[in-house]
Protein chains: 2
Amino acid sequence: MTASSHRTAPDHTHPDDVPVQTALAALADPVRLVLVRELAGSADWSRSCGSFDVPVGKAALSHHFSVLRGAGLVEQRDEGPKRVNRLRRAEFDARFPGLLDLVLRDD
Amino acid sequence: MTASSHRTAPDHTHPDDVPVQTALAALADPVRLVLVRELAGSADWSRSCGSFDVPVGKAALSHHFSVLRGAGLVEQRDEGPKRVNRLRRAEFDARFPGLLDLVLRDD
DNA sequence: GTGAGTGTATGGTTTTCATCGAACACTCGG
DNA sequence: CCGAGTGTTCGATGAAAACCATACACTCAC
């Protein structure tokens with residue numbers, strides 16, 4: 001009915017409610033860094049969770065996305081059987097100016 | 001003779017040689033964050049390692065400073081029996097524009 | 001309804017990291 | 001030369017985090 005999916009909608013944290021430390025920790029992981037970067041290079045809602053090229057299993061992937069949500073970096077929405085993602089660029093940028101640019105610009 | 005101290009001079013890493021990930025990881029620790037912030041509020045070379053108000057023993061403190069050096073955040077110099085510190089503001093800022101400001105401005 | 005595709009939850013293993021206590025190295029003032 | 005002060009190194013411990021395999025929940029096409 002709710003056009004939603006798996007069981008319950010994912011709970012998001014707004015960047016404004018995120019401590020710097022949490023944001024830094026979220027970005028200080030190689031796998032999550034790849035997720036954020038690939039996400040930055042894709043249109044909003046165009047990438048499902050499974051569409052990323054990272055060397056971890058589904059379970060770990062799911063956990064990483066949970067961390068990214070908790071850091072206010074990613075928003076998720078259920079679309080049919082898949083969960084699609086969006087990088088919260090503007091909101092995150094407003095809260096942590098320059099941080100996202102930094103991790104995206106870097107080799 | 002060398003006017004130095006403990007055994008060997010500490011080996012520093014220039015911010016230019018530091019991967020983003022390393023920088024983020026270094027700053028994503030509560031103790032190190034305190035060190036960096038207190039350091040930012042003090043004059044260069046005015047603070048010895050033991051002069052910081054953090055709830056850890058000497059061994060852990062020493063390790064944290066080692067991490068900060070490795071991230072290009074702190075420079076150290078031996079001054080008599082004590083090792084004094086300096087925040088590498090300009091250099092680190094040049095490598096990671098805005099990052100330091102971010103962690104310093106935050107509540 | 002069934003089966004394929006997708007993501008989450010759980011439990012357990014492994015790795016990583018912060019921490020401590022104790023031993024050591026160095027400097028300096030007596 | 002000693003002793004106090006300062007910081008590093010080592011080994012061990014404990015907690016946190018990443019990871020996997022399995023089992024489960026949901027959606028959709030057929």
Worksheet item: Top mean-square fluctuation among B:V20, B:V84, B:V56, Gaussian network model of chain B, C-alpha springs under 10 Å?
Response: B:V56
Item to complete: Can you find, among A:S66, A:P81, A:V31, the residue farthest towards the positive end of the dipole of the range A:16-104? Put +1 on the C-beta of Lys and Arg, -1 on that of Asp and Glu.
Response: A:P81
Worksheet item: Amide H of B:R88: which non-local residues (sequence gap of 5 or more, or other chain) have their own amide H closer than 5 Å, using H built in the peptide plane?
Response: B:V74, B:E75
Discussion item. For a quick check, take a GNM of chain A with Cα springs below 10 Å and name the residue from A:D44, A:D78, A:D53 with the largest mean-square fluctuation.
Written reply: A:D53
Discussion item. Within 12 Å, Cβ to Cβ, of A:R105, how many net charges do the neighbouring residues add up to if Lys/Arg are +1 and Asp/Glu are -1?
Written reply: -1
Worksheet entry | Estimated FRET transfer efficiency when R0 is 30 angstrom, pair A:D44-A:D107 (beta carbons, to 0.05) | 0.75
Worksheet, complete the sentence: Per 10 angstrom bin, beginning at 0 and ending with the bin that holds the maximum distance, the Cα pairs of chain B fall in percents of 14, 51, 30, 5, 0
Worksheet, complete the sentence: Mean accessible area per residue over the range B:15-105 (1.4 angstrom probe, all protein chains present, square angstrom) is 44 Å²
Worksheet, complete the sentence: Summing +1 per Lys or Arg and -1 per Asp or Glu among the other residues with Cβ less than 15 Å from B:L33's Cβ gives -3
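The values are calculated or read from the model by the stated rules, or taken from the named source; none is laboratory data. Quantities reported herein were computed from a predicted structural model and do not represent experimental measurements. Don't worry about glycine lacking a Cβ; one is built from the backbone with ideal geometry, like all the others, and counts go over all protein chains shown. To get the accessible areas, we keep the full protein, side chains included, count just its heavy atoms, and leave off ligands, DNA and RNA. Shrake-Rupley method; radii C 1.70, N 1.55, O 1.52, S 1.80 Å.
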